[in-house]
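I'd like to ask you about the structure that follows.
Derivation of every value follows stated rules applied to the coordinates shown; laboratory data play no part. Remember, predicted model here, so these are calculated numbers, not experimental data. With ideal geometry, Cβ positions are generated from the backbone for all residues, glycine too; neighbour counts draw on all protein chains shown.
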Amino acid sequence: MGGATVAVCVIAVHPRWWGLVLGLAATAAALWALPDRWWARTPFALGWAVTVLVATGGRREGDFVIASDPGGYTVLATVILVTLTGALALRPRRPGAGEDSGSAGPAS
């Protein structure tokens, strides 16, 4: 739900340069702030990407919500980055150097 909300806001303000910068910064900040888990980052990314892709279709009046200008292409390119970021949250977690690996061997 949050990803779709942010995407609608990005679509609404992307025609102005400051709106595009603000919308993409809000998207990046949300992706950075969410935990790197499948239940947090992936639904946000999918909601964002699907909302933008649905908005790329033409309207009944014959016009488009996302124009074919540099700002519109930037929003469409961001779909790829947001989707990849959401997909990276699906990878299996490996214990890092500072984390316990779970092995119960003798202490040396």
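Among [x] 15.4; [y] 13.2; [z] 21.9, find the value of Kirkwood radius over Cα pairs in Å that was calculated from the structure presented, and write down its label.
Entry [x].
Using the Karplus curve 6.51 cos²θ - 1.76 cosθ + 1.60 with θ = phi - 60°, work out ³J(HN,Hα) for each residue of region 31-40 in order, rounded to whole Hz, and write x for Gly and Pro.
5, 6, 6, 6, x, 7, 10, 5, 7, 10
While we're here: Residue by residue through region 84-90, what is 3J(HN,Hα) from phi via Karplus (6.51 cos²θ - 1.76 cosθ + 1.60, θ = phi - 60°)? Round to whole Hz and write x for glycine and proline.
5, 5, x, 5, 5, 6, 8
Still on this structure: Using the Kirkwood radius over C-alpha pairs as Rh, can you work out the diffusion coefficient of region 1-55 via Stokes-Einstein at 4 °C, viscosity 1.567 mPa s, in µm² per second?
Taking Rh from Cα pairs, D becomes 116 µm²/s.
To continue, here is another question. Please name which of 17, 1, 71 has its Cα lying farthest along the dipole of the chain towards the positive end, using unit charges on Cβ (Lys, Arg +1; Asp, Glu -1) and the Cα centre as origin.
1
Follow-up question, since we're still on this one. Specify the longest stretch of the chain that does not include any exposed loop site, a site being one of the chymotrypsin sites (Phe, Trp or Tyr not before Pro) with a non-H, G, I, E, B DSSP assignment and at most 13 other Cβ atoms within 10 Å. All intermediate terms of the calculation are to be shown ahead of the outcome.
Working: sites that count: 39, 64.
Within the chain, the longest run free of exposed chymotrypsin sites (Phe, Trp or Tyr not before Pro) spans 65-108.
Based solely on its DSSP helices, what 222 nm [θ] is calculated for the chain when runs of n ≥ 4 H residues each add -39,500 (n - 2.57) and the sum is averaged over all residues, nearest 500 deg cm²/dmol?
Values: 4 runs with 63 residues, N = 108.
The per-residue figure over the chain is -19500 deg cm²/dmol.
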